[in-house]
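Okay, so here's the structure we're looking at.
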Amino acid sequence: MLTGTPTFRRIAEIASQRYSNRMKLPDRLLLASIAILFVLGGSAAFAAGDKVVVAEAQYMMADGDTLAGAEEKVLQRAQRRAVEEAGVYLEASFHDFEKESQGRSTHTTSLEIRTVAAAITETEILESRRSFENDRPVFFVRIRATVDLQNLARAVRRLQSEAQLAQHFRQLQQENHQLRTQLRELQQQPVGVRMLVIDSSGQSKPAQQARNLLERALYTKDLREKIQLVSEASQLDRESAEPLIVRGQIYLRLISLAYSQHGKPADYSVYTEKAKADFDRAVQLDNKNAWAWVGKGDSQTWLKLTDEAAISYEQALALDPFFDIARQRLINIYTTQARRQAEGKHLYQALDTLKRLLNAQASESWIPYQKEAYLLRSEILLKLNRSEQALEDLSTVIRVDPTNVGALVTRANLYRNHLEGQLAKTDFERACVLGSIPACEQLP
């Protein structure tokens, strides 16, 4: 097949780079999908199924890395290179995609990791070693990876779909003023769905029509038109979760706007029920779509179904451990729930809730967001006379927030109780400089 020849590959790479430089992010994702799917579908060798690839990578350990984290990152790089080797066009498109994601949400980068994970069915480490360069550890690994090309194709299609859903989510967040005006109009006149006109010539299939309508909906800023377009798309393609997720996102934004204008639950209950119905149906159609689970959790939160919402967010994180929105939502739910349990004297129940949050597999970059949960757990542990464990949590808080006066004073008192006078004096001095009169009074 021509797809396997060096000449064809070079032409395709040049075309990919030329168009990629001029395209917006969604178009580049579409280009990546088309390019990879074309290669996978057009070559008999690729269509055969699995492909075994030997790949290698190296990674220089950064300041914030742990040894385990650095080893995981070098392995991910090697797996990615194996996928690129199997996918031919993956490297050029995904390098460009990664540059677009720098300084933005880490969710886009996580989609790439999920794509690689979906494609790799087996990894054998052939060689692994460490060296030093400029006093920094450098990790090297060579692997033999088995790449499932069909899963790769499906993963790339999902990547493009979820990137569009993320873009629409951000777009709704950024258009507050315009949406606020449109909300008042929608409340005065309910939204209906226009009559569908389907071409009977058979030249355009309903699924393709639905995709075209959804694409238009993603870029229009008129809420009424947006809802009408995604409603039509949902009617045309009843097996697609994407129109339901987009419409559910719109309803959630309308709920948020109505609440910010001091509306009562009765004022936006119709949107709450519609959002819940859309996300429930989306999960039924595609239970591996992380955005569907996050939307379901959001709608459950508005309905005060916090236990169910936590399950939905956990499901989203199980699908994508790097999904920042889901993790932030889960932190808020579990911290609030644990505080209520502690206030109700259910201390062990509160500890169990915090354990689910703080023992979850998450990078250390999330600790600042979990600061309140660590402080709460230290308070509970002190009430249960478990001062050593409380000391650990307080130290975690101070590490990410060195100006936390309350944590410094509490830790200082614990150090003094443990006969660690110098450590206690240091914490009291830091708290005193920050303005704590009780801490100053403890100094000699």
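The values are calculated or read from the model by the stated rules, or taken from the named source; none is laboratory data. Note that the coordinates shown come from a computational prediction; the quantities given were computed from them, not determined experimentally. No Cβ is skipped: glycine too gets one built from the backbone with ideal geometry, and neighbour counts run over all protein chains shown. Accessible surface areas use protein heavy atoms only, side chains included; no ligands, DNA or RNA. Shrake-Rupley method; radii C 1.70, N 1.55, O 1.52, S 1.80 Å.
For this structure, a couple of remarks:
- Selection status of residue 327, open to solvent by less than 30 Å² (accessible area, probe 1.4 Å), part of a helix (DSSP H, G or I) and of a type in the set (Lys, Arg): yes
For every residue, the table says whether it meets (1) touching a Phe, Trp or Tyr at 6+ places or on another chain (Cβ under 8 Å); (2) of a type outside the set (Val, Ile, Thr); (3) open to solvent by less than 40 Å² (accessible area, probe 1.4 Å).
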site	(1), (2), (3)
383	no, yes, no
386	no, yes, no
399	no, yes, no
406	no, yes, no
412	yes, yes, yes
418	no, yes, no
426	no, no, no
435	no, yes, no
439	yes, yes, yes
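- Given (1) open to solvent by 50 Å² or more (accessible area, probe 1.4 Å); (2) under 22 Å from residue 420 (Cα atoms); (3) part of a helix (DSSP H, G or I), number of the condition residue 372 does not satisfy: (2)
- Residue 317 being in a helix (DSSP H, G or I) and closer than 28 Å to residue 297 by Cα: yes
- Criterion applied to 250, 245 was being farther than 17 Å from residue 326 by Cβ, out of contact with any strand residue (DSSP E or B) (no Cβ under 6 Å at 6 or more places or on another chain) and open to solvent by less than 10 Å² (accessible area, probe 1.4 Å), and the one residue passing it is 250.
- Among residues of segment 334-347 that are closer than 14 Å to residue 371 by Cβ and free of Cβ contacts under 8 Å to residues at least 60 places away in the same chain, those with a Cβ under 9 angstrom from a residue that is of a type outside the set (S, T, N, Q) and open to solvent by 40 Å² or more (accessible area, probe 1.4 Å), sequence gap 6+ or separate chain, pair up as 334/356; 335/372; 338/352; 338/377; 339/372.
- Picking from residues in segment 280-308 that are of a type in the set (S, T, N, Q) and under 16 Å from residue 321 (Cα atoms), the one that is surrounded by the fewest Cβ atoms within 10 Å (Cβ to Cβ) is 287.
- Residue satisfying condition, being without any contact (Cβ under 8 Å) to a residue 12 or more places away in the chain and among the charged types (D, E, K, R), within set 276, 288, 304: 304
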